[in-house]
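In what follows, a structure is listed as structure tokens, so that the remarks can point back to it.
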Amino acid sequence: MRQSDERNTTIVSPIPSSNFRRKLLSPALALVLLGASCHASLPQVSAAPPSPTDFCAELHGEWDTAKSTCGLTVRGDRTTTKITEQYPVDLVDDPVSGPVLKAYLRGITDKFSHPATSPLVHDGSANIYSTTYTHAPRTTSVVFRENWFLPGAPHPSEGITTFTFDLDQGKQLSLADLFCPGVDPLKALPPLIRPYVQQALDAAPGALAPMFTIERFEPSDQPGSLASDYRAWALDGDDLVLYMPVEGSTGGIPAGLVSPRVPLSSLHEILRDGSCSA
């Protein structure tokens with residue numbers, strides 16, 4: 001009878017206490033929480049900034065870290081041309097200024113990579129250097145000075161190309177963008193900037209200044225004008241800087257022979273940020 005009682009007896013396991021359950025689950029829960037904590041605390045890895053070698057490689061050049069220049073050598077049948085370009089890497093990589101500057105550098109590289117065919121055997125060179133100016137925290141001008149002597153060319157040449165960007169507005173600025181609506185800078189500027197052009201002409205190097213009158217540096221349809229329609233300009237601090245002419249000439253006139261610095265305050269009456277009449 002006693003054995004029967006033992007066979008029919010169901011042994012019921014005691015229900016674990018809440019404290020026991022917490023002790024049993026805590027290791028697994030701890031692992032889950034630890035994993036979530038580790039995941040949340042992982043540092044955000046941002047994309048590495050573009051290397052200055054990236055665009056240089058696109059130009060088929062080699063980046064010189066010491067000089068911060070991109071250099072490439074173009075070999076023809078009878079000639080060799082060495083091209084050196086120095087440009088503002090940060091602006092070349094900027095989403096606003098980058099496309100414009102890259103297009104310019106690609107174009108000028110292509111130009112110098114295909115010099116005119118020459119029966120002579122000699123080497124050529126092309127050098128492009130930039131200077132960056134700031135007018136406001138986010139308004140920037142880049143001035144490129146180019147000088148080159150290519151196989152087949154009768155003499156060395158030089159030029160100036162400029163770009164100005166309003167990075168906050170996300171656009172490139174034209175000279176007309178600086179002035180009130182309806183103002184034509186080619187007509188409005190000459191009488192206002194003559195004193196500054198004369199100062200720059202008087203300071204021109206060598207014996208060049210006496211060869212020219214101030215009218216030669218004002219926009220004109222007449223042959224001989226050196227104003228280049230004010231195509232090359234920059235904003236440097238509180239000044240508007242003009243570069244005239246934009247290209248050197250066979251007469252020995254260098255690009256930017258006359259570069260007047262015009263205080264923007266003297267142009268207040270026609271500036272877009274000044275006193276434009278409604």
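The values are calculated or read from the model by the stated rules, or taken from the named source; none is laboratory data. Everything numeric in this text was worked out from a predicted model, so none of it was measured. Reconstructed Cβ throughout: ideal geometry from the backbone, glycine too, with neighbour counts over all protein chains shown.
Taking the options GLY237, GLY252, name whichever one is within 22 Å of ASN147 (Cα to Cα), not assigned by the TED database to the domain that holds ILE128 and not acidic (Asp, Glu).
Unique residue meeting the criteria: GLY252.
Quick check on my filter: what residues within the range 160-179 are in a strand (DSSP E or B) and under 18 Å from the mean Cα position of the chain (by Cα)?
ILE160, THR161, THR162, PHE163, THR164, PHE165, ASP166, LYS171, GLN172
Let me confirm something: among ALA126, ALA176, ALA204, which residue is aliphatic (A, V, I, L, M), at pLDDT 85 or above and farther than 28 Å from CYS70 by Cα?
The conditions single out ALA176.
Name the residue that is surrounded by the most Cβ atoms within 10 Å (Cβ to Cβ), counting only residues in the range 81-116 that are at pLDDT below 95 and of a type in the set (Gly, Ala, Ser).
SER113
The rows are residues; the columns are (1) more than 19 Å from VAL89 (Cβ to Cβ); (2) at pLDDT 95 or above; (3) not small (Gly, Ala, Ser).
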residue: SER118; (1), (2), (3): yes, no, no
residue: THR131; (1), (2), (3): no, yes, yes
residue: HIS135; (1), (2), (3): yes, yes, yes
residue: TRP148; (1), (2), (3): yes, no, yes
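Restricted to the range 223-243, and to residues that are part of a strand (DSSP E or B) and in contact (Cβ under 8 Å) with a residue 40 or more places away in the chain, which residue is surrounded by the fewest Cβ atoms within 10 Å (Cβ to Cβ)?
ASP236
Is it the case that ILE214 is farther than 16 Å from ILE160 by Cα and either at pLDDT 95 or above or out of contact with any Ser or Thr (no Cβ under 9 Å at 6 or more places or on another chain) (or both)?
Considered against the rule, which asks whether it is farther than 16 Å from ILE160 by Cα and either at pLDDT 95 or above or out of contact with any Ser or Thr (no Cβ under 9 Å at 6 or more places or on another chain) (or both), ILE214 comes out as yes.
Looking only at the range 234-258, how many residues end up being within 24 Å of ASP166 (Cα to Cα) and of a type in the set (Ser, Thr, Tyr)?
1
Any residue in the range 193-212 that is out of contact with any Cys (no Cβ under 9 Å at 6 or more places or on another chain), outside any helix (DSSP H, G or I), farther than 17 Å from GLU247 by Cα and not small (Gly, Ala, Ser)?
Scanning the range 193-212 turns up no residue that is out of contact with any Cys (no Cβ under 9 Å at 6 or more places or on another chain), outside any helix (DSSP H, G or I), farther than 17 Å from GLU247 by Cα and not small (Gly, Ala, Ser).
Hey, among the residues in the range 60-80 that are in a loop (DSSP other than H, G, I, E, B) and small (Gly, Ala, Ser), which one's surrounded by the most Cβ atoms within 10 Å (Cβ to Cβ)?
Going through the qualifying residues, I end up with GLY61.
If CYS180 meets every condition in (1) in contact with a Cys (Cβ under 6 Å, 6 or more places away or on another chain); (2) free of Cβ contacts under 8 Å to residues at least 12 places away in the same chain apart from one, which number is that one?
(2)
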